[in-house]
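Asks: Take a look at this one; I'll ask things after.
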Amino acid sequence: MTIRSTVAQALVRFLAVQFTERDGERRRLIGATWGIFGHGNVAGLGQALVEYADEMPYHQGRNEQAMVHAAVGYARQSNRLATHAVTTSIGPGATNLVTGAALATINHLPVLLLPGDVFATRPADPVLQQLEVPFAADVSVNDCLRPVSRFFDRINRPEQLIPSALAAMRVLTDPVETGAVTLALPQDVQAEAYDWPEEFFAERVWTVRRPGADPVELAAAARAIRNARRPLVIAGGGVRHSRAEAVLAEFAEATRIPVASTQAGKGSLRWDHPQDVGGVGHTGTATADELARTADLVIGVGTRYTDFTTASGTLFENPDVRFVNLNIAPYDGHKLAGLPLVADARSGLGELKKALDGHRTADSYVTEYTEDKERWEQRVDACYEADEPDVRPTQPQVLGALDALVDETDVLINAAGSLPGDLHRMWRTRSHDQYHLEYGYSCMGYEIPAAIGVKLAAPERNVWALVGDGTYLMMPTEIVTAVQEGTAIKVLLVQNHGYASIGGLSESVGGERFGTAYRYPSDDGTFTGAPLPVDLAANAASLGMRVLRAKTVRDLRTALAEARAADTPTCVYVETETADTVSGPPPAQAWWDVPVAETATRSSAVKARELYERHVSTRRRHL
Ligand SMILES: Cc1ncc(C[n+]2csc(CCOP(=O)(O)OP(=O)(O)O)c2C)c(N)n1
Ligand SMILES: [Mg+2]
């Protein structure tokens, strides 16, 4: 039996019946499709989505990049068992996907991209928005998506959809390979009919596997851990993706090995778990970074060891330090010349725990990190507290006000600016999925659309997008989408008139904060004049959000509580102490390599270079 329909109709029907399964849990893989229509997809996928509207939910985005962010947010909240598809027109609609695709792939989060493409049949070259490459007629702008996709294909003939769609599902559901998957769809092919085998539209279940460890690797890892006096676990995003939190807690309790976390791994243990020592690396806690400096064995679990985690290769100072890397991807398992333990995080941790039966770290080690953690928490308390409630808060006091309000059901989303550092160092994570920090790509503008995706995956949760003013300006567009669909996200908008983060960084590397504040130009060509008369609260309100303005710490507490209780999209707008006056968060506990000018006339850069060279000299290559 065959069924005659267009390529676009067949694709929509196929996507509606794909499922994932893991640990007995079955999820629909493609929960919905986001779309912005133009001539490249309106008659193909646009028509198919209206034809099958009862089988495939649709969300109307405002910006293609933002649609990918929403899909990524949904995928992360769904522990990678489900995601969304994103359809765009050709040309600018398609290339707007590139940033979102890179973000998804770098963070190992699945998302299905369906950009329209130029005519396969070439009846009228060039079509509107077509790139012409005189020496390569098969190149279109969609080829920009190749390096940022884990799978790419262009569907030039209808029947080609069958193997390509199956390959796309394989990659989306593969725990090692997953990321952005792109099926470029020439606009004529989308509308072309074909006789599809009926089985193409049968329900299909993709098992998300949990490979166990190789016995030889497991024995070597267990031996290394037994021999270590100062072991430290670094929990990365793989813990979350694998839902290994409970097993990690059991492992940590049994062995008493402290657990530090990367941005993607924070929340693997609750902040008040006795073995949790908080964030590690450049934005880490003093406790975790001191343990990392002195560790003789680092046990990475599902981490890619980015420069933020390793303090650009300077953090692990112990001359004898070795690494055991539990990772499902051999590529990451071999990093830092570590002993690889290639396995699913949950399976691998369970096996390690068994292999280490009866083994625990010394009492003195436990006392050391427990006391150190208490001292760190006192520092956080001091940053959070606001003795004077009738003045403008500092950013840590904003976090303190939020901390006092939320419980384990709240989800916080952030990606860029000075908030990631403050949150990584200070936030007290109360549930495994409360802390949603996109720091693989640290993409300004991720927060608001991702909050919509998270809220769609978990409608019962309070979902907060934490955004700086720079970030807000980058991508406020999806506020309109939240308003349209009644998605009751909460936006906490922190106004400090520019880039506090990059301003501070600029100052430390001899850049003198050049181009990092939002101010009028001054006579010397720098933008250091008066602040701009821009009202972002009015902007958010004009897009349809309810906006609560908080001028003081006291206002802020009231506004946050009101926003938390709201069942429509609500924004809390707060102006904090400005970038140059802010005193608050504990300083960085470890270095981050941002190269400083080797030659300069200005003394700021000359001084910065001296310090830079001192740091560089402490870098180690682990072999
Ligand atoms: C899309 C994108 N462009 C540029 C950057 C580099 N960048 C990182 S943080 C930042 C400034 C963020 O400003 P804001 O959101 O106001 O936060 P603040 O630094 O003031 O806390 C910039 C430009 C980025 N991360 N993402
Ligand atoms: Mg700012």
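What follows is calculated from the coordinates using simple rules that are stated; it is not laboratory data. What you see is a predicted model, and the numbers here were worked out from it, not measured in a lab. Quick reminder, even Gly has a Cβ in these numbers, built from the backbone with ideal geometry, and neighbours come from all protein chains shown.
Asks: In terms of the Cα gyration tensor, with a ≥ b ≥ c the square roots of its eigenvalues, is the range 2-207 rounded because a/c is under 1.5, prolate because a/b exceeds b/c, or oblate? Intermediate values should be presented prior to the final figure.
Replies: Working: a/c = 1.66, a/b = 1.25, b/c = 1.33.
Here the range 2-207 falls in the oblate category.
Asks: Let me ask something else. For a quick check: sort Ser431, Ser603 by the number of other beta carbons within 10 angstrom, fewest at the front.
Replies: Numbers: Ser431 15, Ser603 9.
Ascending number of Cβ neighbours within 10 Å: Ser603, Ser431.
Asks: Taking amide H positions as placed in the peptide plane 1.01 Å from N, state which residues far from Gly279 in sequence (5 or more) or on other chains have amide H under 5 Å from it.
Replies: Amide H to amide H, under 5 Å and 5 or more residues apart or across chains, Gly279 pairs with Ser261, Thr285.
Asks: Taking the DSSP beta bridges in the range 2-207 as the whole, what percent of them are antiparallel, to the nearest 5?
Replies: Values: 9 of 33 bridges.
Here the antiparallel bridges make up roughly 25 percent for the range 2-207.
Asks: Can you tell me which lysines have their Cα less than 25 Å from the Cα of Lys551? Leave out same-chain residues fewer than eight positions away.
Replies: Partners within reach: Lys490.
Asks: Which distance in nm do the two modelled labels at Glu250 and Ala53 give, with both placed 7 Å along the Cα-to-Cβ direction?
Replies: Distance between label points: 4.9 nm.
Asks: Sticking with this one: If the reach is capped at under 16 angstrom between alpha carbons, list the aspartates and glutamates near Lys354, excluding any in the same chain fewer than eight residues apart.
Replies: Within reach: Asp214, Glu217, Glu250, Glu253, Asp344.
Asks: Determine, for Asp117, Asp381, Asp555, the number of other Cβ atoms within 10 Å of each Cβ, and report the residues in order from fewest to most. Show your work: numbers first, answer last.
Replies: Numbers: Asp117 29, Asp381 12, Asp555 19.
Going from sparsest to densest Cβ surroundings: Asp381, Asp555, Asp117.
Asks: How would Met67, Met426 line up from fewest to most surrounding beta-carbon atoms within 10 angstrom?
Replies: Details: Met67 34, Met426 26.
In order of increasing Cβ crowding within 10 Å: Met426, Met67.
Asks: Going 7 Å from the Cα of Ala561 toward and past its Cβ, which residues in the range 392-433 have a backbone nitrogen under 20 Å from where you end up?
Replies: Hits in the range 392-433 for Ala561 at 20 Å: 392-394, 397-411.
Asks: Let me ask you something else. For Trp206, list long-range residues whose amide hydrogen, built 1.01 Å from N in the peptide plane, is under 5 Å from its own amide hydrogen.
Replies: Distant-sequence amide H within range of Trp206: Phe19, Thr20, Glu21.
Asks: Moving to a separate point now. Could you tell me which of rounded, prolate or oblate describes the chain, using a ≥ b ≥ c as the square roots of the eigenvalues of the alpha-carbon gyration tensor, with rounded for a/c under 1.5 and, failing that, prolate when a/b is larger than b/c and oblate otherwise? Could you put the intermediate results ahead of the total?
Replies: Values: a/c = 1.65, a/b = 1.24, b/c = 1.34.
Cα axes put the chain in the oblate bin.
Asks: Suppose a student asked you for the relative contact order of the chain, using Cα pairs under 8 Å spaced at least 6 residues apart; what percent would you report? Before the final figure, lay out the partial values.
Replies: On the way: 1406 pairs, mean separation 82.0, N = 623.
Here the relative contact order equals 13 percent.
Asks: A further question on this structure: On a straight-distance basis, which lysines could pair with Lys353 in a cross-link, Cα separation under 23 angstrom, same-chain partners fewer than 8 positions away excluded?
Replies: Excluding near neighbours in sequence, the set is Lys266, Lys335.
Asks: Can I ask one more? What are the ³J(HN,Hα) couplings of the range 388-395, residue after residue, when phi is run through the Karplus curve with 6.51, -1.76, 1.60 and θ = phi - 60°? Round to Hz, x for glycine and proline.
Replies: Each residue's phi maps through the Karplus curve to give 10, x, 9, 10, 5, x, 7, 4 Hz.
Asks: In nm, give the distance between the simple-model label positions of Leu128 and Asp357, each being 7 Å from the Cα along the Cα-to-Cβ direction.
Replies: 7.0
Asks: Also: Using label points projected 7 Å from each Cα along Cα→Cβ, tell me how many nm separate Glu198 and Ala541, to one decimal.
Replies: 6.0
Asks: In the range 539-623, which GluC sites (Glu not before Pro) fall in coil by DSSP and have 10 or fewer other Cβ atoms within 10 Å?
Replies: Here the sparse-neighbourhood loop sites are Glu598.
Asks: A follow-up question, please. Note down the relative contact order for the range 215-374 as a percent, whole number, built from C-alpha pairs under 8 angstrom at least six residues apart. Can you show the working numbers first?
Replies: Working: 326 pairs, mean separation 45.1, N = 160.
So the answer I get is 28 percent.
Asks: Could you tell me which of Ala264, Val406, Ala605 has its Cα farthest along the dipole of the chain towards the positive end, charges placed at Cβ (Lys, Arg +1; Asp, Glu -1), taken about the Cα centre?
Replies: Projecting each Cα onto the dipole axis, the largest value belongs to Ala264.
Asks: Decide, for the range 215-374, between rounded, prolate and oblate: order the square roots of the alpha carbon gyration tensor eigenvalues as a ≥ b ≥ c, take rounded if a/c falls under 1.5, and otherwise choose prolate if a/b is larger than b/c, else oblate. Intermediate results must be reported in sequence, preceding the final value.
Replies: Working: a/c = 1.23, a/b = 1.11, b/c = 1.11.
Rounded shape, in that the Cα axes give a/c under 1.5.
Asks: How much length would be gained if the chain were fully extended between Ser617 and Thr409, taking 0.36 nm per residue of separation minus their Cα-Cα distance, in nm to one decimal? Could the numbers behind the result be given before it?
Replies: On the way: separation 208, 0.36 × 208 = 74.88 nm, distance 4.51 nm.
Working it through step by step, the gained length comes to 70.4 nm.
Asks: Just to be sure I understand: of the beta bridges DSSP finds with both ends in the chain, what percent are antiparallel, rounded to 5?
Replies: Details: 11 of 78 bridges.
Here the antiparallel bridges make up roughly 15 percent for the chain.
Asks: Counting other Cβ atoms within 10 Å, which trypsin sites (Lys or Arg not before Pro) in the range 355-399 have at most 15 and lie in a DSSP loop?
Replies: Details: sites: Arg360, Lys373, Arg375, Arg379; in loops: Arg360.
Taking the range 355-399 and a limit of 15 other Cβ atoms within 10 Å, the loop trypsin sites (Lys or Arg not before Pro) found are Arg360.
Asks: On full extension of the chain, what length is gained from Phe135 through Glu485, given 0.36 nm per residue of separation minus the C-alpha to C-alpha distance? Intermediate results must be reported in sequence, preceding the final value.
Replies: Details: separation 350, 0.36 × 350 = 126.00 nm, distance 4.61 nm.
Extra length available between Phe135 and Glu485 comes to 121.4 nm.
Asks: A further question follows. Suppose R0 equals 51 Å; then what is the FRET efficiency for Tyr518 and Arg375 from their Cβ-Cβ distance, rounded to the nearest 0.05? Could the numbers behind the result be given before it?
Replies: Working: r = 37 Å, r/R0 = 0.73.
With a Förster radius of 51 Å, E is 0.85.
Asks: Once Lys and Arg get +1 and Asp and Glu get -1 on their Cβ, which of Gly515, Val141, Asn107 lies farthest toward the positive end of the dipole of the chain?
Replies: Result: Asn107.
Asks: Let me know the charge dipole size of the range 80-231 about its Cα centre in debye, to the nearest 20, where only the beta-carbon of Lys, Arg (+1) and Asp, Glu (-1) is charged. Mind dumping the intermediate values first?
Replies: Numbers: 14 positive and 17 negative charges, 278 e Å.
Dipole of the range 80-231, to the nearest 20 debye: 1340 debye.
Asks: With each run of n ≥ 4 DSSP H residues scored as -39500 (n - 2.57), what mean residue ellipticity at 222 nm is computed for the chain after dividing by its residue count and rounding to the nearest 500 deg cm²/dmol? Let's see the in-between values first.
Replies: Working: 24 runs with 221 residues, N = 623.
So the calculated ellipticity at 222 nm is -10000 deg cm²/dmol.
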